[in-house]
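*Asks:* A single structure is presented below for examination.
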Amino acid sequence: MKRIKQISIIIFVLSVLSYGAYRFYCHQTVDKYSPEIDLTENEISVSISADESELLSGVTAYDSKDGDVSDSLVVESVSKFLKNNQKLVTYAAFDSDNHVGKATRTVVYSDYTSPQFATKSPFRFPVNTTDFISEVTAKDCIDGDISDKIKISPGFSIVTDTPGDYEIQLQVSNSSGDVEYLPVTVEIYDPTDSAVTPEIELKKYIVYTNVEKEIDPQDYLKEVNIGAGTYKLTSGSADYKEDTPSAGGKMSYDEIDIDDSQVNYEKAGTYEITYSMTVDKQYEGKTRLIVVVRDKAGDE
C-alpha cells in the first residue's frame, strides 16, 4: 500500500513537471510580436486618383517568426485633410498568428484643389427674394458635384424688403473635410426701376486664378440690357448712344466703368471687380465679378 502511494506521488510530480515544461515551451515558442512596417519615406506625393498600390509604394513589413509579410499589407485608413493638401495614411500588416502591426505617414495630394463655386447669374435680386443660392453650384475634384451641400454661413443676414448691398458668406464642404468659403455681396434692388436701369451681363460671375496671374476684366463682359434693348459689347463701332439709344445692337466697352482696384494678385484671397454704367445720369446699373486668388493654379 505504501509503495502504491509512493508511485502515485511520483506520477503526480512528473505530471506537474511535464505540464510546467509544456507551458514553458509554449511560452518560448509562441510568437508574441507584431510585424514591423518599414517606410522608405515618411511623406509621399501622389495624385488624387492614386489607388491603394500607389499609396503602398515603398512600404514593406517583416515579422520575426514569418519573415517577409509585405504581401499582407493594406491601407487601413486615410484621414480627412490636415493641411496643405495633406492626409495621414495608416497601414496595417498581419502575421500567421493574427498579430497586427501598424504605421502611419503623410500623403500629399499634388493635384488637389479645394471645391470651386460657380453661378449662372449675378448676386442681384429684387426685393422680397428669399432664395439666394438656387443658381449657385459647387464642383469638387474628389466628389464631383456638391451643389447640394452649399449653404449660407451662420451670422449673416439680408433685409429682403430693403434695397441695398449686403455681405454674406457661402460655404461648402467635401467628403475629405475641406470647407471652402466664399464672401459675396448681395444686391437687393427695386424692380420698378428695371425698365431704365442697365443690366450688365457677364460670361462668368466667379473666376478662379492664382497668385501673380492677373485676369483681364474686359474678357468677362458679355452684353448690356436696357429696357427692351440688348447690346452686345464690342471694341469696334457701336450703335448705342445715350442721347439717342436704339432698341439694341452693339455697345462699346468704353461705356462700362470697370473698378478692379480691390484685387490684389500678390496675395491669396477673395476680391470683387465692379462693372457699372449710368443711364440718364441717375440710373446706375452694376454687376460684380468675384475673383478668387489662390496659392495654387485652378481652372478659371
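The values are calculated or read from the model by the stated rules, or taken from the named source; none is laboratory data. As the structure is a computational prediction, the values presented were derived from the model and not from experiment. Cβ atoms come from the backbone with ideal geometry, glycine included; neighbour counts cover every protein chain shown. What goes into the accessible areas is simple: the full protein's heavy atoms, side chains included, and nothing from ligands, DNA or RNA. Shrake-Rupley method; radii C 1.70, N 1.55, O 1.52, S 1.80 Å.
*Asks:* Compute the helix-to-body angle for 2-29: its Cα long axis versus the longest principal axis of the chain, expressed 0 to 90° and rounded to tens.
*Replies:* Between the helix axis and the principal axis of the chain, the angle is about 30 degrees.
*Asks:* Continuing with the same structure: Pairs of Cα atoms under 8 Å, at least six residues apart: use those to get the relative contact order of region 149-300, whole percent. If you can, show how the numbers build up before the last one.
*Replies:* On the way: 316 pairs, mean separation 33.5, N = 152.
In percent, rounded to a whole number, it is 22.
*Asks:* Sticking with this structure for a sec: Carbon-plus-sulfur fraction of the accessible area of region 113-227, 1.4 Å probe, in percent?
*Replies:* On the way: 2550 of 5560 Å².
About 46 percent, which is the carbon plus sulfur part of the accessible surface.
*Asks:* Expressed as a rounded percentage, what relative contact order does the chain have, with Cα pairs under 8 Å and six or more residues apart? Working shown, then result.
*Replies:* Values: 603 pairs, mean separation 36.1, N = 300.
With pairs under 8 Å counted, the relative contact order is 12 percent.
*Asks:* Which of Leu182, Leu202, Leu82 moves the most in a Gaussian network model of the chain with Cα springs under 10 Å?
*Replies:* In this elastic network of the chain, the residue with the biggest mean-square fluctuation among Leu182, Leu202, Leu82 is Leu82.
*Asks:* Moving on to the next point. What pairs from Lys65/Lys87; Lys80/Lys120; Lys222/Lys286; Lys80/Lys102; Lys120/Lys222; Lys87/Lys139 go past 22 Å between their alpha carbons?
*Replies:* Going by Cα-Cα distance, Lys65/Lys87; Lys80/Lys120 fall outside the 22 Å limit.
*Asks:* Report, in deg cm²/dmol and to the nearest 500, the calculated mean residue ellipticity at 222 nm for the chain, where each DSSP H run with n ≥ 4 adds -39500 (n - 2.57) and the sum is divided by the residue count.
*Replies:* On the way: 2 runs with 32 residues, N = 300.
Helix contribution divided over all residues of the chain: -3500 deg cm²/dmol.
*Asks:* If each of Val74 and Ser96 carries a label point 7 Å out from its Cα toward its Cβ, how far apart are those two points in nm?
*Replies:* According to this spin-label approximation, the distance is 2.1 nm.
*Asks:* Here's another thing I want to ask about it. Taking a probe of 1.4 Å, how large is the accessible area per residue of the chain, in Å²?
*Replies:* 58 Å²
*Asks:* Picking from Gln86, Gln116, Gln262, which is most flexible by a Gaussian network model of the chain using Cα springs under 10 Å?
*Replies:* For the chain, modelled as a Gaussian network with Cα springs under 10 Å, the answer is Gln262.
*Asks:* Could you grab the relative contact order for region 151-208? Cα pairs under 8 Å, six or more apart, rounded to a whole percent.
*Replies:* Numbers: 61 pairs, mean separation 16.5, N = 58.
Dividing the mean separation by the residue count of region 151-208 yields 28 percent.
*Asks:* Anyone know which of Lys149, Lys120, Lys281 comes out most mobile in the 10 Å Cα GNM of the chain?
*Replies:* Lys281
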